[in-house]
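Taking it in order: structure first as structure tokens, then the write-up.
The values are calculated or read from the model by the stated rules, or taken from the named source; none is laboratory data. Since this is a predicted model, take the numbers as computed values, not measurements. Cβ: placed from backbone, ideal geometry, glycine included. Neighbour counts: every protein chain shown. Note: accessible area is taken over every heavy atom of the protein model, side chains too, but ligands, DNA and RNA are not part of it. Shrake-Rupley method; radii C 1.70, N 1.55, O 1.52, S 1.80 Å.
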Amino acid sequence: RSHRVRHPREQPASSGPLLPARLPARRPRLRRCPTHRAPPPELAALPGASFGQAVRRFFHRYAQFGGAASVSEVMWALLVNILVGLGCIIVGGIATTAGAGSSAETRAIFSTVICVAIGLIYILAALTPTIAVVVRRLHDTGKSGGWCLISLILGGGLVLLILLLMPPRPELFQPEWV
């Protein structure tokens, strides 16, 4: 008896010479991992979320890094962040230019400082849920949440955007609820 380890496609040693078994006619379809189960409803993604639903979930799931998020959830949340930031910049810029060279210059500076302060407070308040929704979206695409760190390198933001727009493949990522 031989001590050689048989390849799974080889015939047993008792049936004659070792010949490879016949290959299937076509490749088998990708099946779900047998240990993969659907996440609980509170952790599941919401495909096709409206603007209101996405913003509500963005703030209600404030620091929830487990679970999944759909493309619409992430994009609506990022749009809100961009609009609030642009609003603060525009209002602060208008206040600064309206008061320049006039007697109301101190009032203009004060309103600019208020706009900048509101913008900074919003950035600090939205930082955690923004990271959380990006991590949940990466989970939905089958990637680890650590991929969000790629945005810290030059050009990494574009790579992260491409990863966020990928189709959902949650069976590739085995999170803690399995």
HN-Hα couplings for the stretch 44-49 via Karplus (6.51, -1.76, 1.60; θ = phi - 60°), in whole Hz with x for Gly/Pro, come out as 6, 6, 10, x, x, 5
Taking 0.36 nm per residue of separation between F65 and I89 and subtracting their Cα-Cα distance, the length gained on full extension comes to 5.6 nm
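Would you work out what percent of the accessible area of the stretch 67-178, with all protein chains in place, is carbon or sulfur (probe 1.4 Å)? Present the calculation step by step, with values, prior to reporting the outcome.
Values: 4980 of 6240 Å².
Of the solvent-accessible surface of the stretch 67-178, carbon and sulfur hold 80 percent.
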With I150 itself left out, Lys, Arg at +1 and Asp, Glu at -1 over residues whose Cβ is under 14 Å from its Cβ give +2
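Working from the alpha-carbon coordinates of the stretch 72-148, get Rg over Rh, Rh being the Kirkwood radius. Present the calculation step by step, with values, prior to reporting the outcome.
Numbers: Rg = 17.3 Å, Rh = 14.3 Å.
The Rg/Rh ratio comes out at 1.22.
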